[in-house]
Amino acid sequence: MRVNAVIVAAGKGERMATLLPKPFLPVAGVPLLIHTLRSLARSALITRMIVIVAPEREAFCRDLLDSYGPFDMPLCLVQGGLERQDSVRLGLAALDPDCEIVVIHDAARPLITAEIIDRSVTAAAETGGALVAVPVRDTLKRVGGDGVVVETVPRQELWLAQTPQTFQVPLIREAHARALTEGVLATHDAALVERLGRKIQVALGTARNFKITTPEDLRLAEVLLQQGLEE
Ligand code: CTP
Ligand code: MG
């Protein structure tokens, strides 16, 4: 089974509000993207990594990979697009010709483990598509525009989607092609497969695999990565 990883790092990081986009911010002395690539490289199943970057950051990113690599496997850079979905689609076009399974992962989730990756690959090989997710722990409220609670939403059956999202290659390519021609935009890849009526298997993630979105997230990741808690 040939497995490639697509790592999306072409976002602007508007909610982080730093000059440098998130993947290039230093965390415990090392750029965030490098932490993420090292975590992915621990999976024995992945044989090649495809990093998606904004065109204006390509040269900068190439220098980073040169200084922090090698990563124990071939790695290439591909230019991303305006939306995350565009970036993923461009990455899917660069997979090895014999690639059967693709692991799509956010550069902004450095604390992913090999165990979770491998669980998602196994699930995708069986069902076609897998989504790493965690059950919702807190009580959920629907709140009106006036700040008044409308109702309590039962949290049984509710999960928070993370990445990796892992797929058999023909299936995810078809889902992205259909979304493009039909003008559908989704925040994550599994949704594009769901709309084809195909099954997505959930693979259990961890709270630690959170996405770095705000400066507070960055500080938390720094503490965890400094202590080597990604293991
Ligand atoms: N991403 C991407 N191409 C885009 C948009 C996002 O490759 N056009 C990537 C980001 O770099 C990130 C991941 O998708 O690793 C998840 O997106 P998000 O956390 O929303 O990152 P940003 O879009 O960069 O942040 P923001 O939404 O705050 O601008
Ligand atoms: Mg975004």
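The values are calculated or read from the model by the stated rules, or taken from the named source; none is laboratory data. Since this is a predicted model, take the numbers as computed values, not measurements. Here Cβ is always computed from backbone atoms with ideal geometry, including for glycine, and neighbour counts include all displayed protein chains. Surface accessibility is based on the protein's heavy atoms, side chains included, excluding ligands, DNA and RNA. Shrake-Rupley method; radii C 1.70, N 1.55, O 1.52, S 1.80 Å.
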Query raised in the report: Any residue at all in segment 94-102 that is in contact (Cβ under 8 Å) with a residue 12 or more places away in the chain and either loosely packed, with under 14 Cβ neighbours inside 10 Å or within 14 Å of the chain's Cα centre (by Cα) (or both)?
Result: yes
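Do we find that G91 is within 21 Å of H176 (Cβ to Cβ) and touching a helix residue (DSSP H, G or I) at 6+ places or on another chain (Cβ under 8 Å) in this structure? Steps first, answer last, please.
Working: within 21 Å of H176 (Cβ to Cβ): yes; touching a helix residue (DSSP H, G or I) at 6+ places or on another chain (Cβ under 8 Å): no.
Considered against the rule, which asks whether it is within 21 Å of H176 (Cβ to Cβ) and touching a helix residue (DSSP H, G or I) at 6+ places or on another chain (Cβ under 8 Å), G91 comes out as no.
Taking A191, is it modelled with pLDDT of 95 or more, farther than 24 Å from T36 by Cα and open to solvent by less than 70 Å² (accessible area, probe 1.4 Å)?
No.
Take segment 138-157 and flag every residue that is assigned to a loop (DSSP other than H, G, I, E, B) and either modelled with pLDDT of 95 or more or in contact with a helix residue (DSSP H, G or I) (Cβ under 9 Å, 6 or more places away or on another chain) (or both). Break it down into steps so the answer makes sense when it comes.
Applying the first criterion (assigned to a loop (DSSP other than H, G, I, E, B)) to segment 138-157 yields 138-139, 144-148, 154-157.
Those that are assigned to a loop (DSSP other than H, G, I, E, B) and either modelled with pLDDT of 95 or more or in contact with a helix residue (DSSP H, G or I) (Cβ under 9 Å, 6 or more places away or on another chain) (or both): G144, G145, D146, G147, V148.
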Query raised in the report: Looking only at segment 14-38, which residues are without any contact (Cβ under 8 Å) to a residue 12 or more places away in the chain and either within 8 Å of ligand 1 (Cβ to nearest atom) or under 24 Å from V169 (Cα atoms) (or both)?
Result: E14
Report summary line: The condition from (1) open to solvent by less than 40 Å² (accessible area, probe 1.4 Å); (2) more than 16 Å from the chain's Cα centre (by Cα); (3) not acidic (D, E) that L180 misses is numbered (1)
